[in-house]
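Each remark here refers to the structure printed beneath this line.
The values are calculated or read from the model by the stated rules, or taken from the named source; none is laboratory data. Keep in mind the model is a prediction, meaning the values are calculated, not measured. In this analysis, Cβ positions are derived from the backbone assuming ideal geometry, glycine residues included, and neighbour counts consider all displayed protein chains.
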Amino acid sequence: MKFLHALWFNLTFYAANLVMSVLLCGSLLLPRKKLVKAVHLWLSVVAWVENHAGGISYQVIGRENIPKGACIIASKHQSEWETFKMHLIFDDPAVVLKSDLLKIPLIGWYMKRSGSIPIDRAAGAKAILKMLPAARKAAAQGRPIVIFPEGTRVAVGDTRPYKSGVAGLYKDLNVPLVPVALNSGLLWAKNTFFKKPGFITVKILPPIPPGLPREEMMQRLRDALETTTAELIKVKSLR
């Protein structure tokens, strides 16, 4: 039964993404903001499928901590799950993502047209300089800029060094930095076929003000993310 449930969920989840991306492909010709509305519809359908086919639901705590106007959203990244939720949670974010993802047929076109910020990991330190123009443009539009400080998905219980990308954005853009903790990896672990039904919590924490020294900002970010994520994982584990 566990295998059949996982098979059913994976088939419906990826089929929903494929069907919606095809049905809404005409929106790729629309202005960016109208395209984003189509993306919201797409991701809302996917969230419905997750709930009804996989028994996965979620809540967002701390929406009042999202500043008005441009900001940097620094989110934990445990799962594929949150990549499908950033537009639903933050409305019109510019998501920093691997440039290779833009090469994926159809889905990559949506990512590019919606105003994502590609980063070339192979470029090293130069990658930050290359992404700054797009980040400045998004900030000038008053959009939140989403970045995963660890640079990749990290399994529950593991840790990775925080990359320099978040520090580069913080210094250059001079906007508030909002830590976002979550526990999605408990249900939707990295590179797994089996997803568990349950409840995911996303917690938006109070913003870190702009203008702090790099070391202080990074320490405050790490403390906020790691402490709150550990709390969310512990609470979930106790249920």
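In region 9-30, the residues that are closer than 18 Å to Trp109 by Cβ reach residues that are among the charged types (D, E, K, R) and part of a helix (DSSP H, G or I) with C-beta atoms within less than 7 angstrom, at least six apart or across chains, in these pairs: Ser27/Lys34; Leu28/Arg113.
To keep it simple, each residue is scored yes or no on (1) surrounded by 19 or more Cβ atoms within 10 Å (Cβ to Cβ); (2) modelled with pLDDT of 90 or more; (3) in a loop (DSSP other than H, G, I, E, B).
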| residue | (1), (2), (3) |
| --- | --- |
| Gln78 | yes, yes, yes |
| His87 | yes, yes, no |
| Ala134 | no, yes, no |
| Gly142 | no, yes, yes |
| Ala155 | no, yes, yes |
| Pro161 | no, yes, yes |
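Give the residue, chosen from Leu28, Leu11, that is at negative phi, among the aliphatic types (A, V, I, L, M) and loosely packed, with under 15 Cβ neighbours inside 10 Å. Among Leu28, Leu11, only Leu11 is at negative phi, among the aliphatic types (A, V, I, L, M) and loosely packed, with under 15 Cβ neighbours inside 10 Å. Evaluating Ala94 against the criteria (1) touching a Gly at 6+ places or on another chain (Cβ under 6 Å); (2) of a type in the set (A, V, I, L, M); (3) modelled with pLDDT under 95 leaves one unmet condition, (3).
Just name the residue that is surrounded by the fewest Cβ atoms within 10 Å (Cβ to Cβ) out of those in region 186-236 that are of a type in the set (Val, Ile, Thr) and more than 18 Å from Thr159 (Cβ to Cβ).
Taking region 186-236 as the starting set, the residues that turn out to be of a type in the set (Val, Ile, Thr) are 192, 200-202, 204, 208, 227-229, 233, 235.
Then drop every residue that is not more than 18 Å from Thr159 (Cβ to Cβ), which leaves 192, 200-202, 204, 208, 235.
On the way: Thr192: 14, Ile200: 24, Thr201: 19, Val202: 23, Ile204: 22, Ile208: 21, Val235: 11.
So the residue we want is Val235.
Select from region 177-205 the residues that are assigned to a loop (DSSP other than H, G, I, E, B) and either hydrophobic (A, V, I, L, M, F, W, C) or within 14 Å of the chain's Cα centre (by Cα) (or both) and list them in ascending order. Asn183, Leu187, Trp188, Ala189, Phe193, Phe194, Leu205, listed by residue number.
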